[in-house]
Amino acid sequence: MPITRTATSYYGLTYVEHAERDFREMIDHGCTTVILAVTEFDVDFWYPNIPRIVEAAKKLGLHVLIDPWGIGKYFGGEQVSLFLQNNTENRQVSAFTGEKLNAACFNTPSFRDYFRRTCLKLAKCGADGFFWDEPHYALPKAYASITGGAGEDWACRCPVCQREFERYFGYPMPKLMTDDVKVFRWREAMKVLEDTSRAIKELDRKQEITCCVHATINSYYVCEQRGYDDWDAVAACPWFDVFSTTIINWDLPMAFFESITRRTVEAARKHGKQSERWLMGYYKQPQDFAQIDQVVDLYQRLGVDRIASWTYRGGYGTSVGAPDALKLWDGIGASYRRVLGR
Ligand SMILES: [Zn+2]
């Protein structure tokens, strides 16, 4: 099957008429799908315009997905979190130091309720579905070093996680990341997404859900331990429709692109899901812009169903814009049109 969907993400959730003009530009750049990066501030402040913006995108023929971007700093993204601003508790806690971290603990009833309520509110905006964007535990990441020692700090060891762990395993939660701790973290990480995904589909069966996890090696030696490292378990979730793995820096070798993509397609197909791969459309750009076509061709050849890039106009005007943001945006647009035969 050829690539059928080409997406870009979009931050501009303010005025409908401005967004509409940008949506036309996306269509000119070969995009079939827009992923709306909705911040907690947008939900709180711009909510009346969100359904209108969704409607404008759909009228122009775009497939519209909502990304609850960086919510609680549980998902990826640069946005700030109202949940963290308005709550002093329910944060992830460092296992080694006991300090509260600047990320919500998604295993607490408080955050789970907030997340579900926010998504159910957004599910009434008329979009086609949701995009779970790099969900993760705050720590660690340094595990992704083949030469690194064991013993980096990890999260979450908050009172709620400790209580749940002990209830399940029958002994106090260790401060070391043992196998039981790993199993606990994986299971809880899936639970929060499963609960909300199920609630969304109960509200509207047509809502489509993509789960996008970090594109990491996750081999015997190297694992980031962010909570979604077992791709097979993530792709198996019955509430997800699309299994996606996130952006790879253009500077990494093509063999890495290939290995991540093969494993992504394999995990998705095994569970009857569509697969999605990303292009880095912000911050960095390829040394040679011909690499865009090469990566898109690789994705096509390996059987990827959907491709996406972060973000509209290469992040032009933001602190994470690519050096030649508009040129990158045009390059990705040309590749999108080519792969769609437009
Ligand atoms: Zn916790």
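The values are calculated or read from the model by the stated rules, or taken from the named source; none is laboratory data. Note that the structure is a prediction, hence the values are computed from the model and not measured. Cβ sites come from the backbone with ideal geometry, for glycine too, and all protein chains shown count toward neighbours.
Just a few scattered comments:
- All of Ser219, Ser197 fail the test of being in contact (Cβ under 8 Å) with a residue 24 or more places away in the chain and either within 18 Å of the chain's Cα centre (by Cα) or not in a helix (DSSP H, G or I) (or both), apart from Ser197.
- In the range 244-287, residue farthest from Gly77 (Cα to Cα) [restricted to those that are charged (D, E, K, R) and part of a loop (DSSP other than H, G, I, E, B)]: Lys273
- Looking only at the range 270-304, residues that are closer than 21 Å to Asp230 by Cβ and of a type in the set (Asp, Glu) come to 1 in all.
- For the range 241-296, a tally of residues being of a type outside the set (Gly, Ala, Ser), surrounded by 20 or more Cβ atoms within 10 Å (Cβ to Cβ), closer than 30 Å to Ala199 by Cβ and without any contact (Cβ under 8 Å) to a residue 60 or more places away in the chain returns 7.
- Considering Ala150, Ala189, Ala138, the condition of being within 14 Å of the ligand (Cβ to nearest atom) and at pLDDT below 95 is satisfied by Ala138 alone.
- Yes/no for Tyr299 being assigned to a loop (DSSP other than H, G, I, E, B) and surrounded by 20 or more Cβ atoms within 10 Å (Cβ to Cβ): no
- Inter-residue pairs, beta-carbon under 7 Å, first within 16 Å of Arg306 (Cα to Cα) and in the range 1-28, second of a type in the set (Gly, Ala, Ser) and surrounded by fewer than 22 Cβ atoms within 10 Å (Cβ to Cβ), 6+ apart: Thr6/Gly30
- Single residue of Asp330, Asp305, Asp324 found to be more than 21 Å from Thr33 (Cβ to Cβ), in contact with a helix residue (DSSP H, G or I) (Cβ under 9 Å, 6 or more places away or on another chain), acidic (Asp, Glu) and modelled with pLDDT of 95 or more: Asp324
- From the options Phe96, Phe83, Phe106, Phe111, residue that is within 16 Å of the ligand (Cβ to nearest atom) and out of contact with any strand residue (DSSP E or B) (no Cβ under 9 Å at 6 or more places or on another chain): Phe96
- Restricted to the range 155-181, and to residues there that are within 9 Å of the ligand (Cβ to nearest atom) and assigned to a helix (DSSP H, G or I), the residue that is surrounded by the fewest Cβ atoms within 10 Å (Cβ to Cβ) is Pro159.
- Which numbered condition Gln207 fails, given (1) out of contact with any Gly (no Cβ under 8 Å at 6 or more places or on another chain); (2) in contact (Cβ under 8 Å) with a residue 24 or more places away in the chain: (1)
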